[in-house]
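Asks: Below are the structure tokens for one structure; questions will follow.
The values are calculated or read from the model by the stated rules, or taken from the named source; none is laboratory data. Given the structure is predicted, the values throughout are model-derived calculations rather than measurements. Cβ placement follows ideal geometry from the backbone for every residue including glycine, while neighbour counts extend to all protein chains displayed.
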Amino acid sequence: MIKLGFGLYRHMLNADHYQFARQCGATHVVIHLVDYFNNRSGAGKEGQPVGSSEIGWGYAGDGSLWTLEQLLRIKKDLSAHGLTWEAIENFDPAMWYDVLLDGPEKKKQIEQLKEQIRIIGRAGIPIMGYNFSLAGVASRITGPFARGGALSVGMDKVDDAPIPNGMVWNMRYDHRQKRDGYLQKIEHEELWSRVQYFLDELIPVAEEAGVRLAAHPDDPPMPYIRQTPRLVYQPRLYQKLLDMKPGRSNALEFCLGSIAEMQEGDIYEATEQYADHIAYIHFRNVRGKVPEYKEVFIDEGDIDMMRILKILQAKNFDGVLIPDHTPHMNCDAPWHAGMAYAMGYMKALMAQL
Ligand SMILES: [Mn+2]
């Protein structure tokens, strides 16, 4: 059985949002524990994080791990609201910047990530989503791109601004000292060797802990963003990632939007090809491909969502779908309305399977 889930940002870990998710029909949740909104710019916490090329989404955390007590407390609250914790989405850049950058703290940080995975396993959370990326989500623009002029995000050109030292994954990890200069330029081969190290070290620990690591593709899926190479920017590159370290814990956070934006491949073929390796799905729709695409309502994009569901069902996928992002709707609660619309649509599609 495919399950309906809902994604919550860190500041949404409260009874109102748990009830909202349940009211939308969710039985499972995916939680972002990273604070993407610590940008000191006063930007609201409604909707998707945004930011400039100097500070990105803002400041990363202090690098400390999420403790077992902290995770169990959240899990208990979720459970009291009828929700099951399916996945954590994204490591804090402060936990692993030198794993991404091959910096001096790499060995220490990979050991911390291992400990984090063990804690997640002990808490009984089956999936840890990650995005192995230097630039992270960059090049995004905001505008009235969806039906009826609904506020949404998209891309019209590549952000070429170099990444300042002290920043990675579109967040700043150097709280105290501002460093001069920019990230050293590397090529794709070097990025793949870094992910090989990450998988070689972490996958055996994840297998033992009963946790699946799930890779999000590049958002947006360009070969380069901000003068850095990207990892999974064509559907075929997911296979390369899987082949690097085969096993149940080397899994995918399958983002339909990002995959549909890719210049090569076909979203239906990709779903069929990778279904057996998918941990959970970002079930959202887009119009266009990089470098010119827009995120739109679930029923107005290029993807035939019902066709995707039927492929997943035929492959016996029994994981969770979440809306990921959705355009805002004009009313007093733009984010909630957009999400409720997507959830209702998803629930109706699922009922027809
Ligand atoms: Mn996504």
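Asks: Output the residue which, of all residues in the range 316-336 that are more than 21 Å from residue 28 (Cα to Cα) and either assigned to a loop (DSSP other than H, G, I, E, B) or of a type in the set (Lys, Arg) (or both), is nearest to the ligand (Cβ to nearest atom).
Replies: Within the range 316-336, the match that is nearest to the ligand (Cβ to nearest atom) is 327.
Asks: Now for a separate question. Can you tell me which residues in the range 338-353 are surrounded by fewer than 17 Cβ atoms within 10 Å (Cβ to Cβ) and outside any loop (DSSP other than H, G, I, E, B)?
Replies: 344, 347, 348, 351
Conditions (1) within 25 Å of residue 351 (Cα to Cα); (2) away from the ligand (no atom under 14 Å from the Cβ); (3) surrounded by fewer than 17 Cβ atoms within 10 Å (Cβ to Cβ), marked per residue:
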residue	(1), (2), (3)
260	yes, no, no
285	yes, no, no
297	yes, yes, no
310	yes, yes, yes
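Let's see how each residue does on (1) more than 16 Å from the ligand (Cβ to nearest atom); (2) part of a loop (DSSP other than H, G, I, E, B); (3) touching a His at 6+ places or on another chain (Cβ under 7 Å):
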| site | (1), (2), (3) |
| --- | --- |
| 196 | yes, no, no |
| 205 | yes, no, no |
| 218 | no, yes, no |
| 238 | no, no, no |
| 246 | yes, yes, no |
| 253 | no, no, yes |
| 265 | yes, yes, no |
| 271 | no, no, no |
| 294 | no, no, no |
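Asks: Do we have residue 338 as more than 21 Å from residue 252 (Cα to Cα), touching a residue at least 24 places away in the same chain (Cβ under 8 Å) and over 19 Å from the mean Cα position of the chain (by Cα) here?
Replies: In short, no.
Asks: Can I ask one more? Go through (1) surrounded by fewer than 19 Cβ atoms within 10 Å (Cβ to Cβ); (2) assigned to a loop (DSSP other than H, G, I, E, B); (3) polar (S, T, N, Q) for residue 133 and report which single condition fails.
Replies: (1)
Asks: Do you know which of the residues in the range 220-236 that are under 18 Å from the mean Cα position of the chain (by Cα) and among the β-branched types (Val, Ile, Thr) is farthest from the ligand (Cβ to nearest atom)?
Replies: Checking each candidate, the answer is 225.
Asks: Residue 328 versus (1) more than 22 Å from the chain's Cα centre (by Cα); (2) crowded, with 17+ Cβ neighbours inside 10 Å: which is the lone unmet condition?
Replies: (1)
Asks: Out of curiosity, is residue 179 at pLDDT below 95, more than 30 Å from residue 337 (Cα to Cα) and surrounded by 16 or more Cβ atoms within 10 Å (Cβ to Cβ)?
Replies: The answer is no for residue 179.
Asks: Further question: Output the residue which, of all residues in the range 273-283 that are aliphatic (A, V, I, L, M) and surrounded by fewer than 22 Cβ atoms within 10 Å (Cβ to Cβ), is nearest to the ligand (Cβ to nearest atom).
Replies: Per the stated criteria, the residue is 278.
Asks: Out of the residues in the range 53-86 that are buried (at least 21 other Cβ atoms within 10 Å of the Cβ) and in contact with a Pro (Cβ under 7 Å, 6 or more places away or on another chain), state the one that is nearest to residue 15 (Cα to Cα).
Replies: Among those residues, the one meeting the criterion is 86.
Asks: In the range 299-308, how many are assigned to a helix (DSSP H, G or I) and either away from the ligand (no atom under 16 Å from the Cβ) or without any contact (Cβ under 8 Å) to a residue 24 or more places away in the chain (or both)?
Replies: Here the count works out to 2.
Asks: Check residue 15 against each of (1) under 30 Å from residue 348 (Cβ atoms); (2) surrounded by 19 or more Cβ atoms within 10 Å (Cβ to Cβ) and name the one condition it does not meet.
Replies: For residue 15, the exception is condition (2).
Asks: Would you check which residues across the range 122-142 are on the phi > 0 side of the Ramachandran plot and not hydroxyl-bearing (Ser, Thr, Tyr) and list them?
Replies: 124, 136
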